[in-house]
Amino acid sequence: MERLPILKIGPMLLVSIQVDLRDDMVIALQEDLADRIVDTGARGVVIDITALDIVDSFTGRMLATIAALSRVLDAETVVVGMRPAVAITLVELGLSLDGIKTALDVERGMRLLSSAGGVGR
Amino acid sequence: MTSEPFGDLIERCRAVEDDLVRRWRADVAASLRGRVSEIELDKELREILDAVLSAVSAAEGADTRSAAYGEARALLVDLSRARALQGFSPRETAVSVFALKKAVRESVGAGEEFLAFSDVIDELALFTFETYAKAREEVISNQAEQLLELATPVVKLWQGVVALPLVGTLDSARAQVVMEKLLQTLVDTGSEYAIIDITGVPAVDTQVAQHLLKTIVAARLMGAECIISGIRPQIAQTIVALGIEFGDIATKATLADALMLALGRIGVDVAAEMSKRGL
């Protein structure tokens, strides 16, 4: 099965979703990410969904679950690069992803993490 | 088969064609009150009369949907479209065709065959009118579309701050366009703050508020903050009376206040920026 690569950049982890997500990949990502946060002691997770142009309620919930999971492991999650169409879809689905931090691109997302919560010190 | 119902009407019409066109043109010109030149009108009506007379004298002359009327119909389409685009009233357009009846009656005389000819003209006038209405509808839908696009400019106020001045009523279709345009601009310009100014929105009801909230939540999902500004006193009253909750969304009375808030959050020192640009 295809697995999404998780890159470690300083005290943060970066997941860049470049392919169409299947449900089993999403579940694998949640497990891998939890393992990596524990292994590396990362304090922040950046999920880049710039390339994602189709979302459903399952993907929306996945983002919320990852955020909750990271928070338990004391890491902040930032979702970056959401496309307008995706954002509109999520709002229409009634998923406002409360409690998830968002940023326009990876750079701003990493800056957000390093300014808040003391990640990167 | 000869065109029985019309007898020798066509031949008689042909004989007095010039007189016919003159009478017809006089009637039409009176109703158009000089907005189309006499020469233009003369050419237009002469062509139509010629096409109608040849169509009527052809076989199956009484059936205006037959192929013989192809040219006449095409000319009438041109006429009614031109009238619709130039903003002539329905009456003025219809008179252009109906006046032919009077002209024929006066210069050829009303007989048994005139009734059959009159039916043909009625049919053609109805056809003209249908085309006229269709052309007017096209004009209206085009204008509505243009308004939708024109009325939603997104302006850049500062590096990282865009404003969306909303003017006019916000219905579902327009809210959708506004939402898409704003979100796309946020991506294109990399702006983290968007100010939605509702000074020009005449009324805010629950539906409008719902559209605004959706836009703001979508912008948040993308990593941008929205500030609502331009809330007039009456609008504030309505919002409270309707029990609309804007939650933790920043609302300001004026666009200036909203810009100050955005600049403050970004941490811009306006004076320093100005001296840097030599102002």
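The values are calculated or read from the model by the stated rules, or taken from the named source; none is laboratory data. Predicted, not measured: the structure shown is a model, and the values here were computed from it. Every residue, glycine as well, gets a Cβ built from its backbone with ideal geometry; the counts of neighbours run over all protein chains shown. To get the accessible areas, we keep the full protein, side chains included, count just its heavy atoms, and leave off ligands, DNA and RNA. Shrake-Rupley method; radii C 1.70, N 1.55, O 1.52, S 1.80 Å.
With respect to the numbered conditions (1) exposed (fewer than 15 other Cβ atoms within 10 Å of the Cβ); (2) of a type outside the set (A, V, I, L, M, F, W, C); (3) part of a helix (DSSP H, G or I); (4) within 14 Å of chain A (Cβ to nearest Cβ), which one is the sole condition not fulfilled by B:His211?
(1)
Going by the conditions given, is B:Ala163 within 30 Å of A:Leu113 (Cα to Cα) and more than 10 Å from every other protein chain (Cβ to nearest Cβ)?
yes
Can you tell me which residue among B:Ala218, B:Ala224, B:Ala272 is over 27 Å from A:Leu93 (Cα atoms) and not charged (D, E, K, R)?
That would be B:Ala272, the only listed residue that is over 27 Å from A:Leu93 (Cα atoms) and not charged (D, E, K, R).
Residue check, A:Leu95 against (1) touching a residue at least 60 places away in the same chain (Cβ under 8 Å); (2) within 14 Å of chain B (Cβ to nearest Cβ); (3) open to solvent by 10 Å² or more (accessible area, probe 1.4 Å), all met but one. Which one?
(1)
One residue is enough: does the range B:140-162 have a residue meeting the conditions touching a residue at least 12 places away in the same chain (Cβ under 8 Å), in a strand (DSSP E or B), assigned by TED's automatic domain parsing to the domain that holds B:Thr254 and buried (at least 20 other Cβ atoms within 10 Å of the Cβ)?
Yes, there is a match, as at least one residue in the range B:140-162 is touching a residue at least 12 places away in the same chain (Cβ under 8 Å), in a strand (DSSP E or B), assigned by TED's automatic domain parsing to the domain that holds B:Thr254 and buried (at least 20 other Cβ atoms within 10 Å of the Cβ).
Among the residues of the range A:23-65, count how many are in contact (Cβ under 8 Å) with a residue 40 or more places away in the chain and out of contact with any helix residue (DSSP H, G or I) (no Cβ under 7 Å at 6 or more places or on another chain).
Within the range A:23-65, residues that are in contact (Cβ under 8 Å) with a residue 40 or more places away in the chain and out of contact with any helix residue (DSSP H, G or I) (no Cβ under 7 Å at 6 or more places or on another chain) number 2.
Which residue is modelled with the lowest pLDDT, if the candidates are limited to the range B:219-245 and must be within 14 Å of chain A (Cβ to nearest Cβ) and open to solvent by 10 Å² or more (accessible area, probe 1.4 Å)?
Result: B:Glu245.
Go through B:Ser118, B:Ser107, B:Ser96 for me and flag whichever is open to solvent by 10 Å² or more (accessible area, probe 1.4 Å), under 20 Å from B:Val21 (Cβ atoms) and touching a residue at least 60 places away in the same chain (Cβ under 8 Å).
Just a single option satisfies the conditions, and that option is B:Ser107.
Taking the range B:176-197 as the search range and keeping residues that are among the aliphatic types (A, V, I, L, M) and within 11 Å of chain A (Cβ to nearest Cβ), which one is surrounded by the fewest Cβ atoms within 10 Å (Cβ to Cβ)?
That would be B:Val187.
Out of (1) closer than 22 Å to B:Glu123 by Cα; (2) without any contact (Cβ under 8 Å) to a residue 12 or more places away in the chain; (3) of a type outside the set (Lys, Arg), the odd one out for B:Leu45 is which?
(2)
Quick one: count up the residues across the range A:51-92 that are surrounded by fewer than 17 Cβ atoms within 10 Å (Cβ to Cβ), within 12 Å of chain B (Cβ to nearest Cβ) and within 17 Å of B:Leu186 (Cα to Cα).
Summing the residues that are surrounded by fewer than 17 Cβ atoms within 10 Å (Cβ to Cβ), within 12 Å of chain B (Cβ to nearest Cβ) and within 17 Å of B:Leu186 (Cα to Cα) in the range A:51-92 gives 1.
Return yes when B:Glu137 is more than 21 Å from B:Ile249 (Cα to Cα) and either part of a helix (DSSP H, G or I) or over 17 Å from the mean Cα position of the chain (by Cα) (or both) and no when it is not.
In short, yes.
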